[in-house]
């Protein structure tokens, strides 16, 4: 029977797997968790599911989670600095810390899709859509079944 994979047996195997998916540096991961670069390479090659490695969606999700974690961390740091500034009577610094915390919350909400700063366009009121819709309906008048199917689809 072969030896157990040192990465699979590591207490932080989930974090290591995430880093292997999102990072190119075996050396940094090996140093952080006390493993060898060769063990990481063997683990990634032999023990991580092939589909997981190929999944760009998983990589993007892990990177987004990491970004959200960082936003939450910096928001808590801004709150901490606010408390320090208040305890020292430095109201200007406290207000700056509040501003930074609010910016973190705004960024978090945008990253999660809770709020959006993208412009909203209602095509139903655009003159181009009204003209196109009118032209389509007029051209389908000789074909009542097609006109009714179009009207149903537009509803």
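Details
- Residues satisfying the stated conditions in segment 93-131, i.e. over 27 Å from residue 81 (Cα atoms) and surrounded by 12 or more Cβ atoms within 10 Å (Cβ to Cβ): 129, 130
- Filter pass, residue 85 being surrounded by 13 or more Cβ atoms within 10 Å (Cβ to Cβ), part of a helix (DSSP H, G or I) and modelled with pLDDT under 80: no
- Scanning segment 11-25 for residues that are modelled with pLDDT of 90 or more and crowded, with 17+ Cβ neighbours inside 10 Å gives no hits.
The values are calculated or read from the model by the stated rules, or taken from the named source; none is laboratory data. Small disclaimer: the values here were computed from a predicted structure and weren't measured. Using ideal geometry, Cβ is built from the backbone for each residue, glycine included, and neighbour counts are taken over all protein chains shown.
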